[in-house]
Amino acid sequence: MTSATSRAYDHVKQAILDRTYPGGALLSEGEIASAVGVSRTPVREALLRLEAEGLVRLYPKRGALVLPVSSQEISDVFEARELVETFAADKATLRPEQVDELARWLEAMRAHAAAGDAREFARADRCFHRTMVAAAGNEIITQLYDALRDRQLRMARLTADDPERTATAIQDHAEILEAVRTGDRERIRAAVHRHLRVAVTALRGHA
């Protein structure tokens with residue numbers, strides 16, 4: 001059975017990642033406890049975990065402030081992503097089934113964009129990139145990329161409701177997939193680099 005603390009943690013974290021609780025929102029322990037159906041103690045424990053992850057800041061007797069995504073955080077995450085993803089572009093040799101997986105994630109992005117499902121669009125976007133990173137075969141690098149998961153999903157939601165940005169992202173991923181199909185590592189690396197540069201610029205405009 002899922003513990004009360006875990007339920008409270010999952011509820012608040014998902015709401016932060018989905019921006020149901022946007023940056024700058026002040027969360028009440030009592031309101032969260034009522035929403036989840038638990039007492040305040042597990043809510044407090046959950047908020048302590050989220051504070052350690054850099055998602056909230058606790059203020060005794062006031063509640064928890066959801067920390068906005070900052071320009072510095074965006075820069076830091078995308079610098080880390082570029083290191084990891086350009087490494088993968090240089091090293092990965094994708095098998096036919098992995099190329100097919102990239103194509104499926106791209107089609108999922110198109111479908112979610114058409115349906116206006118920003119949350120699932122962001123997840124499909126991230127899964128596309130993770131497939132390429134994992135194909136490099138370095139477990140430590142993949143784990144490092146996975147450690148950025150929550151920050152990536154939260155940032156992606158900043159622009160996922162922007163049709164123009166969504167269309168650009170789909171085109172970028174189509175270009176990356178085409179580069180992968182050619183097997184030209186320099187072309188793959190250039191497509192990944194260009195995509196990340198465009199994405200970080202767009203995100204800074206929304207932070």
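Observations, loosely collected:
- Cβ-placed point charges (K, R +1; D, E -1), dipole of the chain about Cα centre in debye, nearest 20: 500
- For the chain, the solvent-accessible area works out to 51 Å² per residue, with a probe of 1.4 Å and every protein chain left in place.
- The mean sequence distance of close C-alpha pairs (under 8 Å, at least 6 residues apart), as a share of the length of the stretch 27-160, puts its relative contact order at 21 percent.
- GNM on the chain, alpha-carbon springs under 10 angstrom: the most fluctuating residue among H195, H11, H129 is H11.
- Comparing I140, I74, I188 in a Gaussian network model of the chain (Cα springs below 10 Å), the most mobile by mean-square fluctuation is I140.
- For the stretch 40-46, 3J(HN,Hα) per residue [Karplus equation, 6.51 cos²θ - 1.76 cosθ + 1.60, θ = phi - 60°, Hz, x = Gly/Pro]: 6, 4, x, 5, 4, 5, 5
- Between the Cα long axis of helix 4-17 and the first principal axis of the chain there is an angle of about 50°, rounded to the nearest 10.
- Farthest towards the positive end of the charge dipole of the chain, among the residues M132, S34, H193, is the Cα of S34, using unit charges on the Cβ of Lys, Arg, Asp and Glu.
- Lys/Arg +1, Asp/Glu -1 at C-beta; the chain dipole; positive extreme among L153, S75, V56: V56
- Cα-based Kirkwood hydrodynamic radius, the stretch 1-151, one decimal, Å: 17.4
- For the options V180, V84, V36, a Gaussian network treatment of the chain with springs between C-alpha atoms closer than 10 Å singles out V36 as fluctuating the most.
- Ordered from highest to lowest accessible area with the whole protein assembly present and a 1.4 Å probe, D90, D161, D125 read as D161, D90, D125.
The values are calculated or read from the model by the stated rules, or taken from the named source; none is laboratory data. These figures come from a predicted structure and were not determined experimentally. FYI the Cβ positions are ideal-geometry reconstructions off the backbone, even for glycines, and counts take in every protein chain you see. Side chains are part of the model used for accessible areas, which takes the heavy atoms of the whole protein and leaves out ligands, DNA and RNA. Shrake-Rupley method; radii C 1.70, N 1.55, O 1.52, S 1.80 Å.
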